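Have a look at the structure below, then the notes.
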Amino acid sequence: MKAMREIELKGHIIDSQILTKVFDRIMDMNGEFEVLTFDIGKRKTDSSYARLMVGGKDDEHVDQIISELHRLGARLPEMEDVELAPAPADRVIPKGFYSTTNHPTHVRHKNEWLGVENIEMDCLVVVEDTRALCKPLAMIKKGDHVAIGKKGIRVVPPERPRSRSIFEFMGGGTSSERPSETLISQIAEEIKKIKKKGGKIAVVAGPAIIHTGAAPSLAKMVKKGYVDVLLAGNALAVHDIEYDLYGTSLGMNIKNAELVSEGHKNHIYAISEIIQAGSIAKAVEQKIIKGGIMYECVKKNIPFVLAGSIRDDGPLPDVITDAMAAQDAIRVAIKDVDMVLMMATMLHSIATGNRLSSHVKTICIDINPATVTKLMDRGTAQVIGIVTDVGTFLPMLAEKLLE
């Protein structure tokens, strides 16, 4: 190896498997390493420290390895101030820009460490006076001071929970073999703990919740204060309203699972009723909608974001059809949330997951294990998954919460 550079790691790097991941990443990239210093914490709450010499075939090879290790929390011992370069135009970024992870991040500017605000993955860091801001490409303005390279940037990956909880027990990933009832009880307890401390719960919901007859359970959770923000698409709201008005979802009677004559028109009728009323809230005020998830959101003043897609019917007047505006609305809605429940929607789960910091407890419930796999592959590594029918899961969760 012709080029070498030192890195250091600090924290719970053993039990969180960060050190193992660093070793694996170096070897996977055909690099070499030597452990120079390794101080192991002697108590459960103690952090550990490791200093490594990383080698590669040339400087470019080492830079590539260091770039990957940085995302795992490694940093250069000789810490300098962050390098900044001006954006040459709106939505145009300087060469060598730093791309964020969804882990808590700090930048060193004028000898002070600044926490990067509103961190999310695949964005940029912009320094404004004494603040460091995480900005997506669409928000970059000409002249913004954009972080480039890796100098003066510190990433803090999530550590294994120190107390017993569902997040320690499950340890990420997904499986259909985990004991669902036990996990649902643990999720309910986690939600109760968060609410007791004044925390916020966000729910990302797909239309299968209505199709499977689980809508009344989610509506009860909203009514009883266990949902602080709802993120969904046009379909969830449309079929929730269709069910309230006509007792059907996609023309099928939810109670007996039989198709209703001319029932395929019902969701169009439902959309038309809300358009005529002016909005979902106005339809509630006018007593057109008398129950359901959206009804309870309006009654409890729970904010909701309905993000549109190219396949939507209507859509409802509350649906945000501008994709970038919908992204911004999601960012605002999930700010300061402590837990996100993603249920039966791949599209909206990934859209929300891309905007979440890695410290937010995230649970995905879907009949398709590929939904959780895609979430993790796209960077939402903190997600844990329960592969089950949401029509079974939600009533059980609501029952545990309301005990």
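The values are calculated or read from the model by the stated rules, or taken from the named source; none is laboratory data. Since we're looking at a predicted model, the values are computed, not measured. Quick reminder, even Gly has a Cβ in these numbers, built from the backbone with ideal geometry, and neighbours come from all protein chains shown.
Here ALA257 clears all of (1) surrounded by fewer than 18 Cβ atoms within 10 Å (Cβ to Cβ); (2) on the phi < 0 side of the Ramachandran plot except the condition numbered (2). Among the residues of the stretch 352-372, what is the count of those that are crowded, with 19+ Cβ neighbours inside 10 Å, in a helix (DSSP H, G or I) and in contact (Cβ under 8 Å) with a residue 60 or more places away in the chain? Final tally of qualifying residues: 2. Within the stretch 173-204, the residues that satisfy the criterion of being of a type in the set (A, V, I, L, M) and at pLDDT 90 or above are ILE184, ILE187, ALA188, ILE191, ILE194, ILE201, ALA202, VAL203, VAL204.
For ALA235, are the conditions met, namely being modelled with pLDDT of 90 or more, out of contact with any helix residue (DSSP H, G or I) (no Cβ under 7 Å at 6 or more places or on another chain) and not basic (Lys, Arg)? Yes; evaluated as a whole, the condition is true for this residue.
When LEU306, LEU259, LEU316, LEU245 are screened for being at pLDDT below 95 and of a type in the set (A, V, I, L, M), only LEU259 passes.
Of the strands (runs of 3 or more DSSP E) entirely within the stretch 1-96, those holding at least 3 residues that are in contact (Cβ under 8 Å) with a residue 24 or more places away in the chain, in contact with a strand residue (DSSP E or B) (Cβ under 6 Å, 6 or more places away or on another chain) and surrounded by 16 or more Cβ atoms within 10 Å (Cβ to Cβ) occupy 3-11, 48-56, 83-86. In the stretch 308-319, the residues that are in the same structural domain as ILE275 (by TED's automatic domain parsing) form Cβ pairs under 7 Å with partners that are modelled with pLDDT of 95 or more and of a type in the set (Asp, Glu), at six or more places apart or across chains, as follows: VAL319/ASP312. ALA398: modelled with pLDDT under 95 and either assigned to a loop (DSSP other than H, G, I, E, B) or among the small types (Gly, Ala, Ser) (or both), yes or no? For ALA398, the condition - modelled with pLDDT under 95 and either assigned to a loop (DSSP other than H, G, I, E, B) or among the small types (Gly, Ala, Ser) (or both) - is not met. Residue count for the stretch 226-267 under the criterion of being over 30 Å from ARG331 (Cα atoms) and aliphatic (A, V, I, L, M): the result is 7. Within the stretch 201-229, residues that are under 24 Å from ASN266 (Cα atoms) sit with their Cβ atoms under 6 Å from residues that are of a type in the set (A, V, I, L, M) and not in a helix (DSSP H, G or I), at 6+ positions apart or across chains, in these pairs: ALA205/ALA232; ALA205/MET343; GLY206/ALA344; ALA208/ALA344; ILE209/ALA344; GLY213/ILE254. Checking the stretch 307-315 against the condition returns no match, with no residue being farther than 17 Å from ASP240 by Cα and acidic (Asp, Glu). Counting the residues of the stretch 270-296 that are over 20 Å from VAL227 (Cα atoms) and under 29 Å from the mean Cα position of the chain (by Cα) gives 1.
Counting residues in the stretch 394-402 that are crowded, with 23+ Cβ neighbours inside 10 Å and not assigned by TED's automatic domain parsing to the domain that holds GLY73 gives one or more. Residues of the stretch 334-348 being closer than 22 Å to THR212 by Cβ, touching a helix residue (DSSP H, G or I) at 6+ places or on another chain (Cβ under 6 Å) and outside any loop (DSSP other than H, G, I, E, B), which ones? MET342, MET343, MET346, listed by residue number.
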